[in-house]
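The values are calculated or read from the model by the stated rules, or taken from the named source; none is laboratory data. If you're wondering where the values come from, they're calculated on a predicted model, not measured in any experiment. Note that we place each Cβ from the backbone using ideal geometry, even for glycine, and neighbour counts take in every protein chain shown. All accessible areas refer to the heavy atoms of the entire protein, side chains included, with ligands and DNA or RNA removed. Shrake-Rupley method; radii C 1.70, N 1.55, O 1.52, S 1.80 Å.
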Amino acid sequence: MDRRPGLSVRFKFTLSYAGFLMFAGLLLLAAVWVFLLRYVPDRAMLINPDDRFEGVFPVRSALLDVFAPRAAAVLAFLLVFGLVGGWILAGRMLAPLTRITDATSMATKGSLSHRIRLPGRKDEFRELADAFDTMLARLEAHVAEQRRFAANASHELRTPLAISQTLLDVARNDPTQDLGEIIDRLHAVNARAIDLTEALLVLSRADQRSFTREPVDLSLLVEEATETLLPLAEKRGVTIETSGDIAPAFGSQALLLQLTTNLVHNAIVHNLSDKGTVWIETGAGPETVVLTVENSGEKLSPQLVSTLTEPFQRATERTRNDHAGVGLGLAIVRRITEVHDGSLTITPRAGGGLRVAVRLPAPPALSPEGHLISE
């Protein structure tokens, strides 16, 4: 934004400080005049020789002749002292602001690793500097995550496109190839690309927080997700067991259904090849509601489990099946949980498999019409 040049803040502080000193000096001179000089006679007094008066009795005009030049000199000194002292004090006071401005300029040029780290005790400038450092740290982490995500997404999207290109080249250059098999493989590759694109759209929607919050019962979402994924569970020989109470939350029903479906799908797919089990439980407390999904499966190390919420992160042994997904399931779960101000906990089970717990804030008080009740 273009602005016309103006006086610097330091110069304004200097003028304010000098002006205050001059105003205080003028008030002092006015007080001297009002409370002292006005009572001095303007003419010489006749004194009776019999009265005992000692000393000199000056008149007002003589006092003004002596006092006025010295008062003017004092005011000139106060002006100079105010300008010089105000300039120095303003510079010292605004030094932290200069460091903050320099850090802002570096951030606008793309250097997000710089930190102000303003020393000294807590005051308004240091609170501003600390808040700015915190913002820079979060922004740097977010930008790094977005860059990593974009690189991974580009790689993941390039793979099905490259496979499709290869299949098309084979069909064009080798007429003896079975076109039915090539079409089936193209259909599978295309379906994977569509799933990946839809997952990216869900993740983007969650990042933008562009959704309407409403009362949602997690237990009903569990029933819906279970019914949808029951054919897949039966096909893979996985048993789903649900338990728990009503778990009222407050958020986007579509996103929370996506969260629940991703958790159940993840638990079914990454399970034992036969006779696997998925345990789903919902619960409600005074301040939070909890959705817990556990599954049997291979034993996983805590180091591997800690990386599973990263986009496109999969263990190598978990990708060799026809339902491995696109690597965004738990990443979407984590982001949906964050935008609902909740927490996600993933821990390996001692007997193998995972235990995923999603904790969301309990819903606020609502009127019968569904509106928030202000406290």
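Only residues that are buried (at least 19 other Cβ atoms within 10 Å of the Cβ) and either farther than 20 Å from E294 by Cα or not β-branched (V, I, T) (or both) were counted in the range 213-248, giving 8. Once the range 163-178 is narrowed to residues that are more than 52 Å from the chain's Cα centre (by Cα) and not polar (S, T, N, Q), the residue that is surrounded by the fewest Cβ atoms within 10 Å (Cβ to Cβ) is P175. Screening T260 against (1) modelled with pLDDT of 85 or more; (2) farther than 20 Å from A362 by Cα leaves a single unmet condition, (2).
One line per residue, one yes/no per condition, for (1) of a type in the set (D, E, K, R); (2) over 19 Å from T347 (Cα atoms); (3) open to solvent by less than 10 Å² (accessible area, probe 1.4 Å):
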| position | (1), (2), (3) |
| --- | --- |
| F250 | no, yes, no |
| Q253 | no, yes, no |
| Q258 | no, yes, no |
| L263 | no, no, yes |
| L272 | no, no, no |
| K275 | yes, yes, no |
| I280 | no, no, yes |
| G283 | no, no, no |
| V289 | no, no, yes |
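Mind listing whichever residues of the range 110-143 are open to solvent by 70 Å² or more (accessible area, probe 1.4 Å), in a helix (DSSP H, G or I) and closer than 20 Å to M93 by Cβ? Scanning the range 110-143 gives E124, E127, L128, D130.
Only one of Q177, Q165, Q146 is at pLDDT below 80 and part of a helix (DSSP H, G or I). Can you tell me which?
Details: Q177 fails: part of a helix (DSSP H, G or I); Q165 fails: at pLDDT below 80.
The match here is Q146.
Of everything in the range 225-257, what is within 21 Å of A362 (Cα to Cα) and acidic (D, E)? Give them in sequence order. Residue satisfying the conditions is D245 alone.
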